[in-house]
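The values are calculated or read from the model by the stated rules, or taken from the named source; none is laboratory data. It should be emphasised that the depicted structure is a prediction, and the values quoted were computed from it without experimental measurement. Cβ sites come from the backbone with ideal geometry, for glycine too, and all protein chains shown count toward neighbours. Accessible surface areas use protein heavy atoms only, side chains included; no ligands, DNA or RNA. Shrake-Rupley method; radii C 1.70, N 1.55, O 1.52, S 1.80 Å.
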Amino acid sequence: MSIAGFIFRPLYWVAGKVFSFWARPAVRPDSPAEHITDSDAAVCYVLETGGLADVLALERACAEHGMPSPTESFEFCGVREAKRFVVMRRMKGFWPRRPSTIGSRRLKRLVDGADKCEQELLLIPVAIYWGRSPDKERSVFKLLLSENWDIIGRTRKLFVTLLHGRNTLLRFSHALPLRSICSDDCEPKIAVRKASRILRVHFRKRRTATVGPDLSHRRTLVKQVLHAPEVRRAINAEAGDDYRKQEVARRKAEKYALEIAADISFPTIRVLVRLLRWLWNKIYDGVEVNHMQRLHDVAKEKEVIYVPCHRSHIDYLLLGYVTYEEGLHLPHVAAGINLNMPVVGGILRRGGAFFLRRTFKGNRLYAAVFDAYINQVLIKGSSMEYFVEGGRSRTGRLLAPKGGMLVMTVNSYVKSPRRPIVFVPIYFGYEKLIEGDSFISELGGAQKKKESIGGLFRSIKSLRDHFGKVYVNIAEPVELQPILDRLYPEWRSYESENGERPPWLAGIVEELGTQIMQGINSAAAVTPISLLAYVLLATPKQTIGLHELRRQLELSLKVLQRFKYSDSVTLPDWSAEQIIEHGEKLEVISRSTHPMGEIIRMSEQTAVLMTYFRNNIIHLLAIPASVACCFIQGQQLEHTELQRLIRLIYPFMKKELCMKWDQDDIDTVTSEAIRSLIDMEILTYGSRKKTLVRPPAGSEKAFQLLMLGQSMVPMLQRFYLVIAILVRNGSGVLSRQRLENMCQQSAERLSMIYGLHSPDFFNKTLFHDFIRTLQDVDVLRRDPDGLIEFDDDLTSIGADARLVLGEEIRHSILSLTVTD
């Protein structure tokens, strides 16, 4: 051992012990050793900046995961290297330390060696982020000792390690085979430059994905917004040539910009993350994240727009928490102005929220300022999050996508197509909602309560309850550019006049919104609670025997496994008994004894709320359940007739449940559902193999088929109700508004008399969408006076309901359809 080694080895050992006591870096991915794909190849790590703290962090991670130590020597192509790592951004000098302009000598030797022998070397990039907080562009005051884009010296690194040792991320990337770089017969100098460039680009992309781009100070960003051409045009349009009016309009625009803009503070974010960790452990059984690799794959190369479904106010916090924990930089989050409350608004703004008003109508200046703000955020390469539904769903079904934010995003990209944009749909699955009771009362006609501090404190009281587990499923990303290329190939050469939006933008946004919503539903999380809701709400009084419940839960899981809606759907790996025990734990169901066997029941108040969770997953089972529904009144049905019936109702199912299949594919999908039910022996073929036959009446299989089909009966009852009211009143008599009101009132009365009195059944939006779909398929039309006209085709559609709806319920519906 050399004299230097004799002196520094003990010091390094002591530093390692101190470091292991204080610093606890989080390692991503969970099994980094899997990146060593060739056991015979030599391994060399690549660090971005190096330094003692980085090496100690890497040493600890390698030891924990059984990987070669970065400080041990290794031999490659006959040359022994003293250490097993390369530093890309080296420092020189003792005091002060300065960035070196000379590249890594070890990397040069390794590249030279690779050109002379057949041995393989795996270069494994390792990115280490201490505190991982981005600096602010052109800001005088730096966020204290947080991770940024600068190389720092020994002194600052020491304090960074002390302050952020437990808030550090260490990420291993996929190995880069060195021979793949040197295989082009290029000269050694060129090969070194090529390897260095590849590694620099990799670290830059990784830093952008993890830390985020350099962020401008809020007031600087506001100034850039005010200088945007569209804002200046809006100011001139409002004020004309009058200088005083222009100054008033400019101040108004500045006020709007400050009202909108986020003011990200990473010290605040770190406090929020700790608070959220406590909160999730307090009220939830944890947060389960699925398909996260999809997000990591696109975040390195593209600008990410997160587009989750909107279930709860918790959504705002949940996605930011997940991205932070996964080592990705926090998105700018669009939040309604109603959340900009005293204290709370400031905290959300520092956590990345920017605020928007519910409507821009009649305020051209505000619209221009908001549009310019979105454009500036996207130009700087920041990710963004917004809810395309506009508001929280009160029913558990996805709402129709609102085009506002999508229009501004697409328009911004068309104007400045710098970095490719990808939309990432995300499904949030809850087992219990903090806002559940208020949702039900709002559906029943109660006025939506305005968000307030008092309401916040009332919500905090509910944190004493238990809310089960939260599921976050990442759907397949939707890239913007292919949609633009397919629908309007000339978009790159389009030049706007006076900043007006392109006339073809509406078609792009409609297609984009449809793909996003279908993507969200394709990544649904089937939870134990949603399964219990699906089964129990199919019973007349939300009551069932324990044995029958077990069998129906098992059947539902088998249907979901055999008839796969999407590979992104996640199912609980639980037995039926575990699901039932979980429902009792969350007080969703109760158990009572009986001499003939235990009974499981759900109270009416709970059942009304559980319609929300049934609706979360009903689209996954809609086609098999519709097939089963056709056998409620009949013993047998021909395969082709069954396909015709499903084909007839599918446009309405697709609209209401946001389903993914095209109308041309539905016959094939129906056949797949039939095969699944035959495999489970709850349907069979008749003697001619063309007729489908249900099991004998009174058998367990017949009961299971009936229960499966019952989930679609409320939807079909609503359809029949609309048609019956139209036929009873006649063509050219009712306006659409009057028809919707009559349908809602009749459905409410029907549910009070014959079924569960749930506002979900008589939700006016469902009737609106059904009537709109009837117009889209040319069954209904409007005359010049706005009255609804129809032909005899409508009567034939109603006649098909006889195959599904019982005589009693049909007569009850008809008795309600009295003329005004």
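Observations on the model:
- Computed lengthening from Q481 to E638, 0.36 nm per intervening residue step minus Cα-Cα distance: 52.0 nm
- In plain terms, the chain from K689 to D769 could stretch by 25.0 nm, reckoned as 0.36 nm per residue minus the Cα-Cα distance.
- Residue-normalised accessible area of the range 316-360, expressed per residue, 1.4 Å probe, Å²: 33
- Here the peptides 311-319, 364-372 are ranked by packing, the mean other Cβ count within 10 Å, and the order with the highest first is 364-372, 311-319.
- Of the peptides 278-288, 555-565, 613-623, the order by per-residue mean of other Cβ atoms within 10 Å, starting with the highest, comes out as 613-623, 555-565, 278-288.
- Spin-label pair W661/Q119, simplified geometry with 7 Å Cα→Cβ offset, distance in nm: 5.9
- Here's the picture: charge each Lys and Arg Cβ at +1 and each Asp and Glu Cβ at -1 in the range 290-377, and of S312, V343, G362 the one pushed furthest to the positive end of that dipole is G362.
- Remark: the range 712-798 carries 43 Å² of accessible area per residue (probe radius 1.4 Å; ligands, DNA and RNA excluded).
- The range 581-665, accessible surface, carbon-and-sulfur percent (1.4 angstrom probe): 46
- The packing ranking of peptides 511-520, 631-640, highest mean first, is 511-520, 631-640, where packing means the average number of other beta carbon atoms within 10 angstrom of each residue.
- Reducing the range 655-715 and the range 339-358 to their Cα centroids gives an inter-centroid distance of 48 Å.
- Restraint check, K402/K585; K302/K655; K558/K585; K116/K302, Cα-Cα greater than 27 Å: K402/K585; K302/K655; K116/K302
- For L706, the shell of other residues with beta-carbons less than 13 Å away shows a net charge of +1, using +1 for Lys and Arg and -1 for Asp and Glu.
- Over the range 575-650, accessible surface divided per residue gives 40 Å², non-protein components excluded, 1.4 Å probe.
- The range 379-417 and the range 219-250: distance between their alpha carbon centers, rounded to Å: 26
- D567, D776, ranked by accessible area, largest first (probe 1.4 Å): D567, D776
- Shape category assigned to the range 610-757 from the gyration tensor of Cα positions, a/c cut at 1.5: prolate
- Accessible surface of the range 203-277 [probe 1.4 Å, protein heavy atoms]: carbon and sulfur percent: 50
- Remark: spin-label model distance C186-D573 equals 4.4 nm, labels positioned 7 Å along the Cα→Cβ axis.
- For the range 516-554, the list of trypsin sites (Lys or Arg not before Pro) that fall in a loop by DSSP and count at most 15 other C-beta atoms within 10 angstrom reads K541.
- Residue among Y720, S735, S699 farthest towards the positive dipole end of the range 689-784, charges placed on Cβ: S699
- Legend: calculated FRET efficiency, H65 to R562, from the Cβ-Cβ distance at R0 = 25 Å, rounded to 0.05, equals 0.05.
- Three-way shape call for the range 185-282 based on the alpha-carbon gyration tensor, with the a/c threshold at 1.5: oblate
- Spatial separation of Cα centroids for the range 29-44 and the range 253-324, in angstrom: 32
- Net charge dipole size for the range 273-406 [Lys, Arg +1 and Asp, Glu -1 on Cβ; Debye, nearest 20]: 580
- Magnitude of the charge dipole, the range 635-729, Cβ model with Lys/Arg +1 and Asp/Glu -1, debye to 20: 280
- Above-threshold pairs, the threshold being 26 Å between Cα atoms, out of K361/K415; K282/K764; K194/K300: K282/K764
- Filtered GluC sites (Glu not before Pro), the range 648-706: DSSP coil and at most 11 other beta carbons within 10 Å: E681
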